[in-house]
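The structure appears below as structure tokens.
A short reminder: the numbers here are calculations on the coordinates, not readings from a lab. Since the structure is predicted, the reported quantities are computational estimates derived from the model, not experimental observations. Neighbour counts run over all protein chains shown; Cβ positions are idealised from the backbone, glycine included.
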Amino acid sequence: MDAFYASIEQRDFPQYRGKPLAVGHAEARGVVAAASYEARPYGVRSAMASAIALRKCPHLIFASPRFDVYREVSDQIMDIFIDYSDLVEPLSLDEAFLDVTVNHKNMSSATLIAREIKSRIREKTGLTASAGVSFNKFLAKIASDFKKPDGLFVIQPKDAETFVESLEIERFYGVGKVTAKKMHELGIHTGADLKKMSRERLVYHFGKAGNIYYENARAIDEREVNPHRIRKSLGAENTFDTDLEISTKMTLELYHIARRVWERVEAKQFYGRTITLKIKYVDFEIINRSKTLPLLVKEFELFWNIARELLKQIDTSQKKVRLMGLSMSNNEELKFPLGGIQLEIPFPPV
């Protein structure tokens, strides 16, 4: 979807249309969740601090997020996808992969399917979507971003490698600012530069991701569209309006975060064995502490006690705390009961 949250706000509130709009909060510690296309020429982007966004665009309008509305619209869009294929893999509220090799409408062209889906989304929601069509996930993802907004871009198999070679490395899916900087230091600026690197060298510099970069540089991506993605964790975090330096205040804030997480845990029935606490200091250093139990955590009291225990393990006396986060993961039961299992030894009869 194109500027999904911001586009919904502009759809529902005429006073926002044609104006630079950010979904989020304008407070000192606020963050932009989405920016309208009118805001982007000023350099306003999602995940940007609201204070920076306002400096770039002083007349920027802020709209408070309405996630219930965004989820409702997302459900409408997903219903359209299901009309074409059961192989739909949502990535977020506003993005999904579809495998339409075999589709419910027996249409022979993925491009025609994409065009029809875009039209139906516009008719149903009043919003525009951009589609990317190709023969694997990596290329389809890149194509979907290539002609935004309201775009439709196709990468044919015969053009794939040449297309990838011409890409700036920043346009590769999964290459963020830090990775791009490291690649630049290695002389990698385009897909063609990346293709010159051996698999071994890429793995040396980027770990397992090096294998992915090696294959993507050759337009290879063997991942299938998975309609049943398994949730691996569930959590919440909070960036504070004022940096915290008093331990009692930190404990109180952590309690509120724990309550939010637990509400989500119970709503999703997602009980895990690993609890992780995340702390971001005022200088943006991030510290994580985790504890894994032998049994699933199914009581809030135990969850809260572990969270407090993890907080005590972190030194908060030297630097103020800017952000706290708490999450639960590892939701698989142990295969064996506590204390091991009793073996039966087949002694011969006396």
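Helix check for the chain. Which DSSP H runs span at least 20 Å along their own axis by Cα, with a mean Kyte-Doolittle hydropathy no less than -1.0?
For the chain, where a helix must reach 20 Å along its axis and average at least -1.0, the hits are 67-82, 110-125, 247-268.
Nothing charged except the Cβ atoms of Lys and Arg (+1) and of Asp and Glu (-1): what's the magnitude of the dipole of the range 1-139 about its Cα centre? Round to the nearest 20 debye. Show your work: numbers first, answer last.
Working: 17 positive and 17 negative charges, 137 e Å.
Computed about the Cα centre, the dipole is about 660 debye.
With the radius of gyration and the Kirkwood radius both derived from the Cα set of the chain, what is their ratio Rg to Rh?
1.02
State to the nearest 20 debye the size of the charge dipole of the range 238-298 about its Cα centre, where the only charges are +1 on K and R beta carbons and -1 on D and E beta carbons.
Dipole of the range 238-298, to the nearest 20 debye: 500 debye.
Return the calculated 222 nm mean residue ellipticity for the chain, to the nearest 500 deg cm²/dmol, obtained by summing -39500 (n - 2.57) across DSSP H runs with n ≥ 4 and dividing by the residue count.
Theoretical 222 nm ellipticity from helices: -11000 deg cm²/dmol.
With Cβ to Cβ distances under 15 Å as the rule, what net charge do the other residues near S198 carry (K, R +1; D, E -1)?
+2
Take every Cα pair under 8 Å in the range 233-333 that's 6+ residues apart, average their separations, divide by the length, and report that relative contact order as a whole percent.
Result for the range 233-333 is 46 percent.
Amide H neighbours of F97 under 5 Å, counting only residues 5+ apart in sequence or on other chains, H built in-plane at 1.01 Å?
Counting only residues 5 or more places away or on other chains, the set is E89, L91.
Could you tell me what fraction of 2.2 N^0.38 Å the Cα radius of gyration of the range 233-315 comes to, as a two-decimal ratio?
Details: Rg = 12.8 Å, N = 83, 2.2 N^0.38 = 11.8 Å.
In units of the globular-protein estimate, the range 233-315 measures up at 1.08.
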